[in-house]
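A short write-up of the structure that comes next.
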Amino acid sequence: MKQYEAVIETLDKLGGVATLGDLNSEVFKIQECEWKTKTPFASIRRIVQQTKGIYKIKPGLYGLEKYRKQNEERGIIPETEKNKDSEIQRSFNHAYYQGLLVIIGNLRNLKTFIPNQDKNKKFYDGKTLQELSTLKKLPNYSYPALINRSAMIDTIWFNERNMPHSFFEIEHSTDIQNSLLKFNDLQDFYVRMAIVADTKRKSEFETKLSYHAFDELRLNKRVSFLSYEALVKQYEMEIEKQSLDFIL
């Protein structure tokens, strides 16, 4: 069996849609195909980008053409300039990138939390975000007012002491300033904070962060910008690391 055939067969087994990470985890189970390369993950990436019958849905997520109709009926629709601000696209984008953040946190042995308003949203594979995350409710890590303030943050990673490790706010089309206000209120915690958005919104992020109200966040370099593409690359790196026998 040729490598591209193995990728297509794996995509088929996974229901016609999969991330590069999931393909990397599953494709090598096909014993009829040999991968005589030192960089099999790079080969998978090349195959999904160049093989007829496979189409890109969004960064890191690919589908089989024969499943396109079924995928779109599930709300898994390739993003275009015309539909990028549609409700179905905004909802899917938000859940997709939340899911990637949760999976990365889980792989790093951190506890992961999704707010109540998003817990029933579905990742691309049909699992709810609540099923992917490890925490059902926020730990009582501080005063009630501060816990309540963090309860609406899109994704939170906690360490083994149940203290917040990282706050992530996903901004597809909503006002970045609202997320910065949350971070501003929670800045006394020793925690990483990141705005996750399309790279085109980085200049908007920098403009909002330059407001005097956010001087402490800016001057102390408390908030970072993470593009969708960079998030997907880090997700893929975490998946690839799982196949290594020893990690430095």
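Eigenvalues of the alpha-carbon gyration tensor of segment 161-248, scaled by 5 and square-rooted, set the equivalent ellipsoid semi-axes at 27, 17, 10 angstrom, largest first. For the chain, the 222 nm mean residue ellipticity estimated from helices alone, with every DSSP H stretch of n ≥ 4 adding -39500 (n - 2.57) and the total spread over all residues, rounds to -12000 deg cm²/dmol. DSSP assigns beta bridges within the chain; of those with both partners inside it, close to 60 percent run antiparallel. Sorting 12-23, 145-156 by average packing, meaning the other beta carbons within 10 Å per residue, from highest down gives 12-23, 145-156.
Assuming 1.306 mPa s and 10 °C, estimate D for segment 70-127 with Stokes-Einstein, Rh taken as the Kirkwood radius over Cα pairs, in µm²/s.
The calculation lands on 128 µm²/s.
Restricting the calculation to Cα atoms, the chain shows an Rg/Rh of 0.99 when the hydrodynamic-style radius is the Kirkwood one. Of the chymotrypsin sites (Phe, Trp or Tyr not before Pro) found in segment 142-225, those that fall in a DSSP loop while having at most 10 other beta-carbon atoms within 10 Å are TYR190. Average accessible surface for the chain: 54 Å² per residue, computed with a 1.4 Å probe over protein heavy atoms with every protein chain in place. What is the antiparallel percent of DSSP beta bridges lying wholly in segment 85-193, to the nearest 5? If we restrict to bridges inside segment 85-193, about 80 percent are antiparallel. For segment 181-228, applying the loop criterion from DSSP together with a ceiling of 13 other beta carbons within 10 Å to the trypsin sites (Lys or Arg not before Pro) yields LYS221.
Based on alpha carbons, the Rg and Dmax found for segment 1-135 are 15.7, 46 Å. Put the Cα centre of segment 11-44 next to the Cα centre of segment 174-226 and the gap is 37 Å. Karplus-derived 3J(HN,Hα) values for segment 33-45, using 6.51 cos²θ - 1.76 cosθ + 1.60 with θ = phi - 60°, are 10, 9, 10, 8, 8, 7, 10, x, 5, 5, 5, 4, 4 Hz; glycine and proline are entered as x.
The values are calculated or read from the model by the stated rules, or taken from the named source; none is laboratory data. Just so you know, these numbers come straight off a predicted model, no measurement behind them. Every residue, glycine among them, receives a Cβ derived from its backbone with ideal geometry; neighbour counts consider all protein chains shown. Just the protein is used for accessible areas: all its heavy atoms, side chains included, with ligands, DNA and RNA removed. Shrake-Rupley method; radii C 1.70, N 1.55, O 1.52, S 1.80 Å.
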